[in-house]
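Everything on this sheet refers to the single structure shown next.
The values are calculated or read from the model by the stated rules, or taken from the named source; none is laboratory data. Being a predicted model, the structure only gives us computed values, none of them experimental. Note: ideal-geometry Cβ built from the backbone for every residue, glycine included; neighbour counts use all protein chains shown.
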Amino acid sequence: MERIPILRMGDVLLVTIQVDMYDRLAMTLQDDLTIRISETGAHGVLIDISSLDIVDSFIGRVLSNISLMASVLDATTVVVGMQPAVAITLVELGLSLQGVKTALNVERGMAMLRASTHLVDEKAEDAHREN
Amino acid sequence: MPDSNRILDILKKNEAQILTDWASEQTAAMADRSDLMNDAETRIQGKEFLGLLQTAVQFDGASDVQAAEWEPVRDMLANVSRSRALKGFTPSETANFVFSLKKPLFVHLQQELRADPAALADELWKITILLDKLGLWTTEVYQRSRNEIIARQQQELLELSTPVVKLWDGVLAVPLIGTLDSARTQIVMEALLQMIVDTGSEIAIIDITGVPTVDTLTAQHLLKAVSAARLMGADCIISGIRPQIAQTIVHLGVDLTTVTTKATMADAFRTAMQRLGTAFTRPQAKG
């Protein structure tokens, strides 16, 4: 079965969606991602949707849900690189993804994650040093 | 076809006379619009029309003006109406081009068929119907050309009034002017989002100083644009909210608390610079 790869970069999980999303794939991603967050203890999730041209209300809700689930698991989610047409569609559908952080591109998204996980990192390092 | 030939005969025999009468009819009807009319042009148009009319009448018993034989006449009339619509004639003045031909034609018909009242009535009826149809056709074309003009101007207005300006590295501005309806918001939104992608801007200032009134629909459109920009990772600041508009928004119960709003573009720009971490200092005056 087709799966969207989830890459680990230190404290951050990187998801790049490069195929058309259909409902099953989105649900699989949701399952995989929550599992990976709890396995790795990641504090940040970056979802790059810059090559996604079509988003329907279901996918929009899944993105929103993933972000909420990640925050329950103590990870910040940033959705980056949304296409103008996709943004307009989501707004017209009444889905403004409240509570989901967004950024223009991967670079900005990583900066955002780093800023929000910065304190966590320091604490972890301190704890590490004490041990 | 003796009937149609009778019209044709009269047209052929008396063309010069009819033309002169017709031109003077038109000039008389348009006496107060002499700035728009010119005699030579009227005569040229009249001559062309009579010529085409003779050809068309030959083919068909002058009944169905939508038939293929009448196409040259229709095209010619369409050109006349279109040029008159552009010049600012009224619909009646345009239709008058055809209707004023009635009198000169009737006069000649009467002379010709004085002896046969039945045939005269018959011919008059035919010509009336024919000219009425052609007159209506000119009105139709006139209306269509006016609509085209209006549509084109609307399009031009849309293109003119939706610029997206880059103010600073990472700061865009959209000065909105005029009433915001769905179509315009859509265009503004698309232009803004595309520009956000192209320039990689983080902050967009939407200035509504030039928007005369803000109702619930306009506010909703604005909020949509703001949400769409946010989805792409850019923040929006709405500026240029006049006191009356601030009052209207509160009275209407529109919730703008999720959006940063500023009174002036200058305030919005200052906020944008602060967020980007850029500071301005005035250089010390010398001496």
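Just a few scattered comments:
- Meets criteria (over 18 Å from A:Gly10 (Cα atoms) and within 11 Å of another protein chain (Cβ to nearest Cβ)) for A:Val100: yes
- Hits in the stretch B:185-227 (condition: within 14 Å of chain A (Cβ to nearest Cβ), under 18 Å from B:Val165 (Cβ atoms) and among the charged types (D, E, K, R)): B:Glu190, B:Asp198, B:Glu202
- Residue in the stretch A:75-93 that is farther than 27 Å from B:Gly200 by Cβ and out of contact with any Lys or Arg (no Cβ under 9 Å at 6 or more places or on another chain) present: no
- Checked against the criterion of being out of contact with any strand residue (DSSP E or B) (no Cβ under 9 Å at 6 or more places or on another chain), farther than 14 Å from B:Pro175 by Cα and free of Cβ contacts under 8 Å to residues at least 60 places away in the same chain, the stretch B:263-272 contains one or more residues that satisfy it.
- Residue match in the stretch B:228-237 (condition: modelled with pLDDT of 90 or more, away from chain A (no Cβ under 14 Å) and out of contact with any Pro (no Cβ under 6 Å at 6 or more places or on another chain)): yes
- Evaluation of A:Thr89 against (1) at the interface with another protein chain (Cβ under 10 Å from one of its Cβ atoms); (2) touching a residue at least 12 places away in the same chain (Cβ under 8 Å); (3) assigned to a loop (DSSP other than H, G, I, E, B) (one fails), failing number: (3)
- In summary, helices (runs of 4 or more DSSP H) completely within the stretch B:57-176 and bearing 3 or more residues that are without any contact (Cβ under 8 Å) to a residue 60 or more places away in the chain, within 19 Å of the chain's Cα centre (by Cα) and more than 30 Å from B:Ile237 (Cα to Cα) occur at B:71-87, B:91-99, B:117-160.
- Only one of the listed residues (B:Leu109, B:Leu136) is out of contact with any Phe, Trp or Tyr (no Cβ under 8 Å at 6 or more places or on another chain), among the hydrophobic types (A, V, I, L, M, F, W, C) and modelled with pLDDT under 85. That residue is B:Leu109.
- Output for the stretch A:66-80, where each listed residue is without any contact (Cβ under 8 Å) to a residue 40 or more places away in the chain and either more than 9 Å from B:Leu231 (Cα to Cα) or out of contact with any Gly (no Cβ under 9 Å at 6 or more places or on another chain) (or both): A:Ile66, A:Ser67, A:Leu68, A:Met69, A:Ala70, A:Ser71, A:Val72, A:Leu73, A:Asp74, A:Thr77, A:Val78
- Condition met for B:Ser182 (within 14 Å of chain A (Cβ to nearest Cβ) and surrounded by fewer than 18 Cβ atoms within 10 Å (Cβ to Cβ)): yes
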